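The values are calculated or read from the model by the stated rules, or taken from the named source; none is laboratory data. All values derive from a computational prediction rather than experimental measurement. Cβ placement follows ideal geometry from the backbone for every residue including glycine, while neighbour counts extend to all protein chains displayed. Just the protein is used for accessible areas: all its heavy atoms, side chains included, with ligands, DNA and RNA removed. Shrake-Rupley method; radii C 1.70, N 1.55, O 1.52, S 1.80 Å.
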Amino acid sequence: MWVFLAKRIGIGLITIWALSLFSFILIQLPKGDYVTSEMIALQMEGENVTDEELENLRIYFGLDKPVHMQYLSWIGNMMRGNLGYSYAQRTPVNDILGQRLLLTVLYAAATVVFIWVVAIPIGILSAVKQYSFADYSFTTLGFIGVAVPDFLLALLFLWLGFVFFGVSMGGLFSPEFVDAPWNLARIWDLTKHLFIPIIVLGTSGTASLIRIVRANLLDELHKPYVVAARARGLREWRLILKYPVRLALNPAVSLTAYIFPFLISGSVIVSVVLSLPTIGPTLLQSLLEQDLQLAGAIIFLAGVMTVVGTLISDILLGLLDPRIRQA
Amino acid sequence: MTVDTQENNESRDVTLASERQLVWARFRRHKLALISTVIVALFYLVAFGAEFVAVNDPVETDAKRSLMPPQSIHLFDGWKPAPYVCEMVGKRDPVSLRKSFEADCTKRIPVQIFARGFEYKFLGLLRSDRHLIGVGDSERSQESLVFPLGTDVQGRGLFSRIVYGTRTSLSIGLVGVTLTLLIGVSLGAVSGYFGGFIDTLIQRSVEIVRAIPTIPIWLVLAGILPRDWGVLQIYFAITIIISLFAWTDLARVVRGRFLSLREEDFVTAAMLSGARWQRIVFRHMLPSFYSHLIAATTLAIPSMIISETALSFLGLGLRSPAISWGVLLQATQNVHSVALTPWLMIPAIPVIVVILALNFMGDGLRDAADPYASTS
């Protein structure tokens with residue numbers, strides 16, 4: 001288990017490092033630095049800035065140091081939770097992202113739960129009642145679920161909601177709760193609004209999980225131990241749930257580790273279409289405004305979230321499947 | 001000696017079936033995959049002959065016919081097979097100033113196949129003005145136009161734009177998949193053939209790339225492309241960006257195959273005969289799983305198409321004047337306006353159909369390519 005975990009954490013760390021390098025390069029891309037933009041702002045206000053003052057500012061912000069030192073101090077700041085400063089919006093990145101990060105994680109995690117809760121029972125049902133009407137309809141639905149891109153599905157829901165119910169389904173909160181402090185009513189409001197986004201984001205994952213559970217269970221169902229258990233008079237559903245299903249679920253857990261990056265990255269597009277207050281729309285806006293400070297921070301954070309999420313599902317898998325702990 | 005074997009072969013002609021024939025025989029039994037292949041082929045045919053299939057010039061704007069709803073084509077005039085469409089008359093609501101169109105069936109515009117329309121150069125060479133369908137020759141002079149799927153805000157025919165978009169979107173799928181194939185096969189082959197340290201290195205990189213949230217990175221890379229780049233430059237840049245993160249699946253498939261093939265006798269024989277590794281890899285090992293490769297490649301195209309569509313939809317991929325499905329779908333970003341002009345959602349249909357068809361086709365190919373698959 002420890003070797004397995006150490007390997008996973010190692011890969012996670014390298015991923016985060018690669019992403020931090022990428023984000024840092026991204027931040028360095030625009031011409032000029034913070035001081036230049038500050039100078040332009042001051043000049044617009046009619047103030048004169050001397051070169052000496054500018055140089056002092058550069059030293060103050062550490063911009064006179066070589067690039068690798070700047071990188072180190074940047075990553076140090078990141079680790080300490082200081083995400084940098086958005087020159088375009090003239091606000092610290094922390095203030096812009098704050099709650100959005102929490103909601104992004106919440107959204108992805110809720111979608112994982114949704115995928116499990118929906119896909120596993122359907123997968124079991126499809127396998128046990130193979131070639132039944134339910135099996136066929138779920139298989140067809142599954143195929144369509146895999147094929148329809150998330151953002152088109154989101155668009156379709158928005159459109160249908162608008163045409164048939166006259167409501168805009170965007171957002172995660174009702175107007176009265178947008179800036180309200182966290183309390184039970186606000187959480188309930190959030191839950192109601194999360195429903196559609198979760199379906200949109202979770203459909204393709206659900207579809208593939210159904211297929212995996214079904215295929216695995218079909219392999220198990222005809223093995224001798226199942227026949228033996230049945231011959232001893234074990235009740236059918238108890239038998240299925242207690243033995244073959246447990247074996248069929250392992251790949252389901254490992255799929256979760258694999259699916260988590262997709263959920264974080266898919267949530268970006270879905271959030272844009274449904275205008276959810278996650279990091280997605282902020283990322284798009286920052287890119288359209290060429291605000292690369294903000295974009296770099298978001299990329300880095302999305303990477304960290306992905307790695308942590310993947311790690312958690314890896315640990316779960318290790319707890320569930322002894323073979324993985326051995327490897 | 002050689003003549004001998006040839007004769008031998010001919011005499012047993014009946015019992016011989018090449019790998020290709022076997023795969024085809026298995027593939028043919030998948031009815032869904034077969035139908036999907038036909039659909040995919042049709043789409044690529046449309047992409048190839050976009051100028052001919054298009055009804056109107058896809059870039060010609062006209063404010064007078066902005067947001068015109070689709071005109072249905074009536075096939076019969078009474079009992080006579082004379083296809084026509086009703087002329088659309090634009091009216092402006094005196095209160096809201098909203099423009100609306102109504103079909104006026106007293107004026108009929110005849111429609112025929114192989115009609116003359118806007119002039120184009122097919123493949124940049126052949127000058128022609130023939131189109132698959134268009135306004136009948138008798139009405140050509142009177143500026144009557146047919147818009148089977150309506151028009152967009154700028155009065156450009158949606159049908160023709162979808163047809164041209166098909167060319168862009170499908171070709172991005174192909175170009176992207178070629179790139180992906182190159183990266184995936186070479187890395188997978190090296191990884192599986194040599195093993196050891198290189199294998200570990202490549203496998204770790206695969207895991208890292210897989211752990212990266214791709215869509216944000218795509219957005220960023222597409223977002224920092226210079227704004228003054230031309231359509232063609234953006235097109236290739238987007239293709240490269242998409243392929244950069246899509247090769248991992250192929251690399252895994254190829255590596256797995258190589259690992260198992262490496263133990264085969266014919267590879268050992270080739271090694272013992274002193275063949276260079278390039279020859280063993282490309283001449284002996286790769287051809288033995290071409291069919292798998294084709295299946296994996298087919299299955300990789302849909303995600304390419306989705307990626308391009310999504311990027312362009314968000315405004316970070318291809319931009320007008322380029323025409324792709326994603327660019328067309330940009331018009332649907334505002335759901336309030338789409339509620340009034342639902343036909344702007346039509347470009348979503350070819351996206352879904354092509355992706356479904358390619359998925360079924362790839363699944364069928366994969367099953368057909370695996371000789372050890374169960375026959376049930």
Near pairs, Cβ below 8 angstrom, 6+ apart or cross-chain, from region A:280-304 (more than 7 Å from every other protein chain (Cβ to nearest Cβ) and in contact (Cβ under 8 Å) with a residue 40 or more places away in the chain) to any residue that is surrounded by fewer than 22 Cβ atoms within 10 Å (Cβ to Cβ) and charged (D, E, K, R): A:THR282/A:ARG100
Unmet requirement for A:MET78, which otherwise passes all of (1) of a type outside the set (D, E, K, R); (2) assigned to a helix (DSSP H, G or I); (3) free of Cβ contacts under 8 Å to residues at least 60 places away in the same chain: (3)
Residue match in region B:45-54 (condition: surrounded by fewer than 14 Cβ atoms within 10 Å (Cβ to Cβ), modelled with pLDDT of 75 or more and touching a strand residue (DSSP E or B) at 6+ places or on another chain (Cβ under 8 Å)): no
Among the residues listed as A:PHE143, A:PHE114, the single one being modelled with pLDDT of 90 or more and either open to solvent by 40 Å² or more (accessible area, probe 1.4 Å) or within 22 Å of A:LEU276 (Cα to Cα) (or both): A:PHE114
Those residues of region B:217-239 which are outside any helix (DSSP H, G or I) and small (Gly, Ala, Ser), in sequence order: B:GLY230
Evaluation of A:ILE312 against (1) in contact (Cβ under 8 Å) with a residue 60 or more places away in the chain; (2) over 28 Å from B:VAL335 (Cβ atoms); (3) more than 10 Å from every other protein chain (Cβ to nearest Cβ) (one fails), failing number: (1)
Within region A:112-138, tally of residues that are within 14 Å of chain B (Cβ to nearest Cβ) and touching a residue at least 24 places away in the same chain (Cβ under 8 Å): 1
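Could you identify the single residue in B:ASP104, B:ASP129 that is touching a strand residue (DSSP E or B) at 6+ places or on another chain (Cβ under 9 Å), in a strand (DSSP E or B), of a type in the set (Asp, Glu) and farther than 26 Å from B:LEU344 by Cβ?
Going through B:ASP104, B:ASP129 in turn, the sole match is B:ASP129.
Would you be able to tell me the number of residues in region B:151-208 that are assigned to a loop (DSSP other than H, G, I, E, B) and either open to solvent by 60 Å² or more (accessible area, probe 1.4 Å) or hydrophobic (A, V, I, L, M, F, W, C) (or both)?
Residues of region B:151-208 that are assigned to a loop (DSSP other than H, G, I, E, B), as a first pass: B:152-156, B:195.
Restricting the remaining residues to those that are either open to solvent by 60 Å² or more (accessible area, probe 1.4 Å) or hydrophobic (A, V, I, L, M, F, W, C) (or both) gives B:153-154.
Count: 2.
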Candidates A:LEU190, A:LEU194, A:LEU153, A:LEU101 - the one that is crowded, with 17+ Cβ neighbours inside 10 Å, within 27 Å of B:THR341 (Cβ to Cβ) and of a type outside the set (D, E, K, R): A:LEU153
Helices (runs of 4 or more DSSP H) (entirely within region B:17-80) containing at least 3 residues that are among the aromatic types (Phe, Trp, Tyr) and within 27 Å of the chain's Cα centre (by Cα): B:31-48
Flag for B:GLY315 being at positive phi and more than 14 Å from chain A (Cβ to nearest Cβ): no
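Does B:ARG262 qualify as being surrounded by 19 or more Cβ atoms within 10 Å (Cβ to Cβ), in contact (Cβ under 8 Å) with a residue 40 or more places away in the chain and of a type in the set (Lys, Arg)?
no
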Residue list for region B:204-245, filter: within 13 Å of another protein chain (Cβ to nearest Cβ) and among the small types (Gly, Ala, Ser): B:SER205, B:ALA211, B:ALA222, B:GLY223
Flag if B:THR61 is of a type in the set (Val, Ile, Thr), modelled with pLDDT under 75 and open to solvent by 40 Å² or more (accessible area, probe 1.4 Å): no
All positions within region B:104-132 that are in contact with a Cys (Cβ under 9 Å, 6 or more places away or on another chain) and more than 17 Å from B:PHE159 (Cβ to Cβ): B:ASP104, B:CYS105, B:THR106, B:LYS107, B:ARG108
Search result, residues across region A:279-290 that are touching a Ser or Thr at 6+ places or on another chain (Cβ under 7 Å) and crowded, with 22+ Cβ neighbours inside 10 Å: A:ILE279, A:GLY280
Test: A:LEU317 is more than 8 Å from chain B (Cβ to nearest Cβ) and either touching a Pro at 6+ places or on another chain (Cβ under 9 Å) or open to solvent by less than 30 Å² (accessible area, probe 1.4 Å) (or both): yes
